[in-house]
Amino acid sequence: MAGTPPRVLTIAGSDSGGGAGLQADLRTLFACGVHGMTAVTAVTVQNSLGVTGFTEIPPEVVAAQIEAVASDIGVNAAKTGMLASAAIIEAVAGALDRVDVGPFVVDPVAASMHGDQLLADEALDALRTLLFPRATLVTPNLDEVRLITGIEVRSRADQRKAAEALHALGPRWVLVKGGHLWHDPECLDVLFDGEEFTELLGPRYDVKHTHGSGDTLASAICSRLARGESVPEAVRFGKDFVVRSVAAAYPLGGGVGPVSPLWRLEG
Ligand code: PXL
C-alpha cells in the first residue's frame, strides 16, 4: 500500500462544466501528487458559455465540511475559491478558529472570466477583515485588486503599489497576478512579503481557453505548501505549472475551454 500523500482542502464552488472551481482544483491537486478534499460553498449552473445561476450551500454546512476533514484526515494546506456570501466567509473564518488547516491560500474569486458575479458586493468587507488577516498568501487578479483596494493597476509599477495596499490588510504574502494587464507582452506576477518584491515573469499566450487558470495556480501552490515548501518556492512551482497548463488548454463547447494539467500526467 502506498503511503498517504499530503492532504489539501479546497473551500470552493462547483462548476458543472468542469472547467474551473473545485473541479479544476481537484484535478490540479491530483496531477501535483496530493490528496484533494472539498468544502463545497456553492453549486453553479455553468457551461463553457458562462454561469446562468448558482445556489449557496448553508454556511454551517460549509463550516462542518472543513471541521470534518480537518479533525479526522488532517489538512496540510488549504485554499479558498468562490465563497459567494458574507455568511459563508464568516462560517469559514469560524471553522478556521476551531481547526488547523496549515498554510492558507486565499484566492479572492469575485467573478468568472465571463463577468458573472460569484461573490456578493457586501461580502468584500468580510473577505478583507475576516480572511485576509488569516491568509498565508492571497492571489488576486487585477479585477479583484480593484474591487478589494480601489487601485486600478495600469502598469507593473502599479502592481507593486497594489501589493503594498493588499499586504496592509494582513496576509503574510501577496501575489498580484499580472495576467489582466493586457497590453503587457509578458505576464508578470509580483510577490510581496511586506519587505521584498519578487518578480515572476512568464510568457503571455494568445489563447482563448484560459478558464480555471487562477484556480489551477492557487491549487498548484497549495500542493507545494502542503509538502512544507516556502511560499516563494511554492509560487515558482505554481507559476510554471499554470503556464504549462495554459499551453495545454483545450476547446470545450461553444465558449471558453479550460486550462489543463493533463500534460503533467502524460509525462
Ligand atoms: O475561476 C474562478 C471560478 C471559481 N469557482 C467557480 C467558478 C469560477 C469561474 O467561473 O465558476 C465555481
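The numbers here are math on the coordinates, done by the rules we state, and not lab data. Being a predicted model, the structure only gives us computed values, none of them experimental. Ideal geometry is used to build each Cβ from the backbone, glycine not excepted, and the neighbour counts take in all protein chains shown.
How many of the residues making up region 123-142 are surrounded by fewer than 16 Cβ atoms within 10 Å (Cβ to Cβ) and farther than 19 Å from E195 by Cβ? Quick ask: steps written out before the conclusion?
First, the residues of region 123-142 that are surrounded by fewer than 16 Cβ atoms within 10 Å (Cβ to Cβ): 125, 129, 133.
After this cut, where a residue has to be farther than 19 Å from E195 by Cβ as well, the list is 125, 129.
Number of matching residues: 2.
Could you tell me how many of the residues in region 148-157 are surrounded by fewer than 18 Cβ atoms within 10 Å (Cβ to Cβ) and of a type outside the set (S, T, Y)? Break it down stepwise before answering.
Just the residues of region 148-157 that are surrounded by fewer than 18 Cβ atoms within 10 Å (Cβ to Cβ), to begin with: 150, 152, 154-157.
If we keep only those that are of a type outside the set (S, T, Y) too, we end up with 150, 152, 154, 156-157.
Within region 148-157, residues that are surrounded by fewer than 18 Cβ atoms within 10 Å (Cβ to Cβ) and of a type outside the set (S, T, Y) number 5.
Select from region 213-234 the residues that are under 16 Å from I11 (Cβ atoms) and not in a helix (DSSP H, G or I) and list them in ascending order.
Selection gives A226 alone.
Among the candidates G115, G102, which residue alone is assigned to a loop (DSSP other than H, G, I, E, B), under 19 Å from the mean Cα position of the chain (by Cα) and surrounded by fewer than 17 Cβ atoms within 10 Å (Cβ to Cβ)?
G115
How many residues are within 16 Å of the ligand (Cβ to nearest atom) and either free of Cβ contacts under 8 Å to residues at least 12 places away in the same chain or not hydrophobic (A, V, I, L, M, F, W, C) (or both) if we restrict to region 80-125?
10
Out of all the residues in region 81-92, is one or more surrounded by fewer than 16 Cβ atoms within 10 Å (Cβ to Cβ) and within 13 Å of A39 (Cα to Cα)?
No, region 81-92 contains no residue that is surrounded by fewer than 16 Cβ atoms within 10 Å (Cβ to Cβ) and within 13 Å of A39 (Cα to Cα).
Checking the conditions here, which among I66, I11, I73 is surrounded by 22 or more Cβ atoms within 10 Å (Cβ to Cβ), under 20 Å from D97 (Cβ atoms), β-branched (V, I, T) and in contact (Cβ under 8 Å) with a residue 60 or more places away in the chain?
Details: I66 fails: in contact (Cβ under 8 Å) with a residue 60 or more places away in the chain; I73 fails: surrounded by 22 or more Cβ atoms within 10 Å (Cβ to Cβ).
Matching residue, one of I66, I11, I73: I11.
Pull up region 9-58, narrow it to residues that are under 13 Å from the mean Cα position of the chain (by Cα) and in a strand (DSSP E or B), then point me to the one that is farthest from the ligand (Cβ to nearest atom).
Looking only at region 9-58, we keep the residues that are under 13 Å from the mean Cα position of the chain (by Cα), and these are 9-13, 20-26, 28-29.
Filter again for in a strand (DSSP E or B), leaving 9-13.
Details: L9: 15, T10: 10, I11: 11, A12: 6, G13: 3 Å.
Going through the qualifying residues, I end up with L9.
Residues are listed down the side, and each one gets a yes or a no for (1) surrounded by fewer than 18 Cβ atoms within 10 Å (Cβ to Cβ); (2) more than 30 Å from L49 (Cβ to Cβ); (3) within 16 Å of the ligand (Cβ to nearest atom):
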position: R160; (1), (2), (3): yes, yes, no
position: H167; (1), (2), (3): no, yes, no
position: P185; (1), (2), (3): yes, no, no
position: D193; (1), (2), (3): yes, yes, no
position: R204; (1), (2), (3): yes, no, no
position: E229; (1), (2), (3): yes, yes, no
position: P232; (1), (2), (3): yes, yes, no
